[in-house]
């Protein structure tokens, strides 16, 4: 049987979500991982999956809470 990993919580300050220029969708960067998604929430969920492979986890957020995280680019 497989052992369950104890996942550590990644700090929310290390997560950046932004709109990708000249493309449809959003990107998320955290702990040297880059993920993309059509919506900010999808990018967030994909980042959570990538971090789980590293033994980290992000706090569960709703789609409205993720919208507030988006960084505005010039």
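Taking every alpha-carbon pair within the chain, the share separated by more than 20 Å comes to 28 percent.
Full extension of the chain between residue 63 and residue 18 gives 14.8 nm of extra length, using 0.36 nm per residue less the Cα-Cα distance.
Residues of the range 47-62 falling in the label zone of residue 6, defined by backbone nitrogen less than 19 Å from a point 7 Å along Cα to beta-carbon, are 52-59.
Can you give me the angle between helix 40-53 and the longest principal axis of the chain, using Cα atoms only, in degrees from 0 to 90, rounded to the nearest 10? Approximately 30 degrees, to the nearest ten. Who wins for biggest fluctuation among 21, 38, 46 in a Gaussian network model of the chain, springs between alpha carbons below 10 Å? Taking springs between Cα atoms under 10 Å, the residue moving most is 21. Dividing the mean sequence gap of close Cα pairs (under 8 Å, 6+ apart) by how many residues the range 14-67 holds gives a relative contact order of 25 percent. Note on the chain: helix-only mean residue ellipticity at 222 nm, from DSSP H runs of 4+ residues weighted -39500 (n - 2.57) and normalised by residue number, equals -7500 deg cm²/dmol. Between the beta carbons of residue 70 and residue 34, assuming R0 = 22 Å, the FRET efficiency works out to 0.90 to the nearest 0.05.
Throughout, read-outs are computed from the coordinates displayed, never taken from laboratory work. For clarity, every value in this text was computed on a predicted model and none was experimentally measured. Every residue, glycine among them, receives a Cβ derived from its backbone with ideal geometry; neighbour counts consider all protein chains shown.
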